[in-house]
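The values are calculated or read from the model by the stated rules, or taken from the named source; none is laboratory data. All values reported here derive from a predicted model rather than from experimental measurement. All Cβ positions, glycine included, derive from the backbone under ideal geometry; neighbour counts span all protein chains shown.
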Amino acid sequence: MSVNNSHSVEIGQIFTPIKWAEWLIERWGIFDAWIEGASICDPTAGQGAFALALFRLARSRGIRIAPELLSRLTLIEVRASHLQAFQRKARQKFEIDFPPSQLLALDVITNPPNTNHDILFGNPPWANFTDLSDSYKEILKLHFVSEGLVPDKKQVLLGSSRTDIAALVLKVVLGKLLHENGIGCFFVPLSLFSGDAHRGFRDYIASGRRFAVDEVLEFTATKVFESIGTSYCCARFRMDVPHKFPVKYFRERSGNWIEHRAVPLKASDDQWRVLQRGDTADLDSSIKVELSPDQKPRQGVNTCGANAIFMFEDKPKYLPGEFLFPLATKEIWKNGDMVPHKWILLPYNRNTGRPLSWDCIEQYADLKQYLTEGRGKLAGRRGTLIQSAIAKGVWWSLLGVGPYSFAPYKVIWEAYGKRDFHPFILSSEKGQVWQANQAMQAFIPCWNEADAERICSALQHPGIPALLRQLNGEGKCNWAQPGKIRKILSL
């Protein structure tokens, strides 16, 4: 997997270990298919780990790599230097002079070759759209739209910016580089199947052609890629057939692959639920939580990288107390400790949920001085949404703040990296309402105590954590994020 090119920011390169390339090849019979006449292509080859794995398998089986075999193996890679490194390795390790005609140095997204193959294999780059350079983002926007990953260019910039470039690569190469009924076998981020940002990938259409995901293997213990924190799997795709559920889904357990089955939460493009043997695919109709339109689940306040300016271990006496709010921390869930361990500065009008005007801030000399001292860092924060506020001159803004932030009651839960779902009711501390902490927590705003108690009680339903576990968020960043809870409550 290579994510570096002339347009992208330096975000690292993670090459597939040859032993794991070999494992994928053997898992799905790619070597035997190649020997028997299939044409093979790695569309994001890096330094050619998958091709080298084919050579190593041939050596272990005593099979000579004839020119005819090499003529049915193509490597595509945006960096020519990587292809040159592959040629050197092929020569040094296997005494193979790989034909230059089978090496294509190009960007497979923007300039796919006019070639077709029976099998694709490899490891496309993994990087969120937001991690790419501005110039490359601009180039890719139309490709994200044309492949159905987002409905329009605006959505690329907003919530769908969490779409992974791997989804775009796969749609391009599956749709444009495979013969009819060809297959693709890849290591991919698990979010393609479990993330809400990838609904556009789960339309199962690539460049106008239908495709199916017919097998997935999720790595839960083995570290295929040592330096990667992202959850990942490998998947087999089949072209020109309708996608059908359930999908065969395997998870590691004690060194073995245990078969499960995957179904969508509800609509076909929803996140997958991974069902164990004995689990029913039927949804629990008794999960009912009535919410008003202004009570949709929300993420916590987002400082956009300015925690050091907005958050405090101790409540600062030099800032006006009316703009300092208790910040929820892990102690609430760990031992029921409702004493604030952190505070957050919100220079906002609590009635409107909008940032204070600078004229208003000037009425508080200490607040004005404090924000002015931090102006350089606040104005330099990155991100489309916060930059939009900064461009309007409101450089002291935060994200995730609105009238709902100042609701007198919050039903709040831990949303990130957890395995349990325990909602609490938080009201106020000396007249100041509690705030949820960025993506770590999520909440439902309530305007009276009885409503908060009703909602908190309804969220105790055992079917909710059961669904969260089936949705593959256990221990991950998307464990109980607002969008997922909102979807569960709407079923």
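Just checking, how many residues over region 149-177 are at pLDDT 90 or above and more than 25 Å from GLY229 (Cα to Cα)?
6
Step by step: first the residues of region 120-142, then only those that are under 25 Å from SER231 (Cα atoms) and of a type in the set (A, V, I, L, M), then the one that is surrounded by the most Cβ atoms within 10 Å (Cβ to Cβ). Which residue is that?
Among those residues, the one meeting the criterion is LEU120.
Could you please let me know if ARG61 is basic (Lys, Arg), under 19 Å from TRP34 (Cβ atoms) and in the same structural domain as GLU22 (by TED's automatic domain parsing)?
Spelling it out, ARG61 is indeed basic (Lys, Arg), under 19 Å from TRP34 (Cβ atoms) and in the same structural domain as GLU22 (by TED's automatic domain parsing).
Scan GLU414, GLU474 and give me the residue that is acidic (Asp, Glu), under 26 Å from the mean Cα position of the chain (by Cα) and crowded, with 23+ Cβ neighbours inside 10 Å. Can you show your working first?
On the way: GLU474 fails: crowded, with 23+ Cβ neighbours inside 10 Å.
Just one listed residue meets the conditions, GLU414.
Among the listed residues LEU345, LEU327, identify the single one that is assigned by TED's automatic domain parsing to the domain that holds ILE485 and in contact with a Lys or Arg (Cβ under 7 Å, 6 or more places away or on another chain).
Exactly one of LEU345, LEU327 is assigned by TED's automatic domain parsing to the domain that holds ILE485 and in contact with a Lys or Arg (Cβ under 7 Å, 6 or more places away or on another chain), namely LEU327.
Out of all the residues in region 428-437, is one or more closer than 13 Å to CYS456 by Cα and of a type outside the set (Val, Ile, Thr)?
No, the conditions are met nowhere in region 428-437.
Could you tell me which of the residues PRO445, PRO403 is out of contact with any Pro (no Cβ under 7 Å at 6 or more places or on another chain), closer than 26 Å to CYS304 by Cβ and either among the β-branched types (Val, Ile, Thr) or surrounded by fewer than 17 Cβ atoms within 10 Å (Cβ to Cβ) (or both)? It would help to see each step written out before you state the result.
Numbers: PRO445 fails: either among the β-branched types (Val, Ile, Thr) or surrounded by fewer than 17 Cβ atoms within 10 Å (Cβ to Cβ) (or both).
Result: PRO403 is the single residue among PRO445, PRO403 that is out of contact with any Pro (no Cβ under 7 Å at 6 or more places or on another chain), closer than 26 Å to CYS304 by Cβ and either among the β-branched types (Val, Ile, Thr) or surrounded by fewer than 17 Cβ atoms within 10 Å (Cβ to Cβ) (or both).
Here is a yes/no grid of residues against (1) free of Cβ contacts under 8 Å to residues at least 40 places away in the same chain; (2) outside any strand (DSSP E or B):
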{"site": "TRP257", "(1), (2)": "no, no"}
{"site": "HIS260", "(1), (2)": "yes, no"}
{"site": "VAL263", "(1), (2)": "yes, no"}
{"site": "ASP269", "(1), (2)": "no, yes"}
{"site": "THR280", "(1), (2)": "yes, yes"}
{"site": "SER286", "(1), (2)": "no, yes"}
{"site": "TYR318", "(1), (2)": "no, yes"}
{"site": "PRO340", "(1), (2)": "no, yes"}
{"site": "ASN351", "(1), (2)": "no, yes"}
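Could you check region 234-255 and list, in sequence order, the residues that are in a loop (DSSP other than H, G, I, E, B) and either within 21 Å of the chain's Cα centre (by Cα) or of a type outside the set (Asp, Glu) (or both)? Step through it out loud before you land on a result.
At the first step, the residues of region 234-255 found to be in a loop (DSSP other than H, G, I, E, B) are 240-246, 254-255.
Within region 234-255, VAL241, PRO242, HIS243, LYS244, PHE245, PRO246, SER254, GLY255 meet the criteria.
Given PRO99, PRO43, PRO113, PRO67, which one is at pLDDT 95 or above, surrounded by fewer than 22 Cβ atoms within 10 Å (Cβ to Cβ) and closer than 24 Å to TYR204 by Cα?
Only one candidate qualifies: PRO113.
If PRO445 passes every condition in (1) touching a residue at least 60 places away in the same chain (Cβ under 8 Å); (2) touching a Cys at 6+ places or on another chain (Cβ under 9 Å); (3) part of a strand (DSSP E or B) but one, which one does it miss?
Condition not satisfied by PRO445: (2).
I'd like to verify a number: residues in region 370-421 that are in contact with a helix residue (DSSP H, G or I) (Cβ under 6 Å, 6 or more places away or on another chain) and not in a strand (DSSP E or B), how many?
Within region 370-421, residues that are in contact with a helix residue (DSSP H, G or I) (Cβ under 6 Å, 6 or more places away or on another chain) and not in a strand (DSSP E or B) number 9.
Could you give every pair whose Cβ atoms fall below 8 Å, whose first residue belongs to region 355-383 and is touching a residue at least 24 places away in the same chain (Cβ under 8 Å), and whose second residue is polar (S, T, N, Q) and assigned to a loop (DSSP other than H, G, I, E, B), counting only separations of at least 6 or pairs across chains?
Taking only residues 6 or more apart or on different chains, the pairs are PRO355/SER397.
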